[in-house]
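Readers should treat all values here as calculations from the given coordinates under stated rules, not as data from a laboratory. Given the structure is predicted, the values throughout are model-derived calculations rather than measurements. No Cβ is skipped: glycine too gets one built from the backbone with ideal geometry, and neighbour counts run over all protein chains shown.
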Amino acid sequence: MTPSRAAVSKPPIDPYAAPADFGPWRFLHRLNPLSKIAAPLPAMALLLFTRDVMTPLVFCLVALALLVIGAHLRARTLLLLLLAVPAAVGVMSVSFGIWADPAASADPSVIVDAGPLRLTVGGWLIGLATALRLAAIVLLALIGGLTSTGPDLVRSLVQQLRVPYRLGYTALAAFRFVPRFGHELEVIRQAHRVRGISDGRGPIAWLVRTAGYVVPLLAGAIRHAERVALAMDSRAFGAHPTRTERYSIAFRARDWFFIVGFWAATAVVVIVFAS
């Protein structure tokens, strides 16, 4: 007798559980979320003012190396980073290079000349630098985005930066609305299919169906917000200056090492390449 699908399915992931230990190599998951925001922040700010190609390229490679080595990523996410990012940089470099000012380019040699669309070597280098800057900023932001969760970030803000827990955990409750909306939307769609409600096919029909989901979703959101508010009031939420945490997220020495090391590497890259 084969087991049912429910018996062999994995248990649901608790978003409020302590972060799992992924081993010594997946070190990014064991860092405080605030350290993964503070470490690449100077590099992201400096990339807005750089105009060369090597500086954003080095930051792209550093961010990719950190994500590949230090993050526990699914194969699909890893493949997307390694293939989609270079492809996007290539497309954006050509797009930006076509619209670059020819007078601002150092090399006027023509690569493509198709009527009004004219791509020169200098224009392509300008477009490549711009595309690499955008890619580097996104990849640096993904260091914390792919290895931290919303609840952990809120807890770090409350515990380390002393954000009032009334604000932090209200945002955490709002964060939990997102997956609930997805679940309720799927329930509404199934109910429409069971009742045979169909408005045809095509983009207009899709817009009509989407508009029909708004009122049930809004009603469900109001009911859920009312239940959350009653639950928070019954537990005297906000009546005391502090609250007991389910688990703590510490800011350890390794977080300082990561921040200082990343800042030092940023200074070296800027001094060597940007200058």
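Structural remarks
- Chain lengthening between HIS72 and VAL163 when straightened (0.36 nm per residue, less Cα-Cα): 29.9 nm
- The trypsin sites (Lys or Arg not before Pro) found in region 132-229 that occupy coil by DSSP, while having at most 13 further C-beta atoms within 10 Å, are ARG162, ARG195, ARG201.
- Difference of contour (0.36 nm per residue) and Cα-Cα distance, ARG254 to ALA211: 10.5 nm
- With K and R counted +1 and D and E -1, the other residues having a Cβ less than 12 Å from that of PHE258 yield a net charge of +3.
- When the inverse distances between all different Cα atoms of region 165-234 are averaged and flipped, the Kirkwood radius reads 13.9 angstrom.
- Three-way shape call for region 24-63 based on the alpha-carbon gyration tensor, with the a/c threshold at 1.5: oblate
- Here the dipole of region 165-234 is about 160 debye; that uses its Cα centre as origin and unit charges on the Cβ of Lys and Arg (positive) and Asp and Glu (negative).
- Simple rule: put +1 on each Lys or Arg Cβ and -1 on each Asp or Glu Cβ in region 165-234, find the dipole, and look at PRO179, MET232, HIS192; the Cα lying farthest toward the positive end is HIS192.
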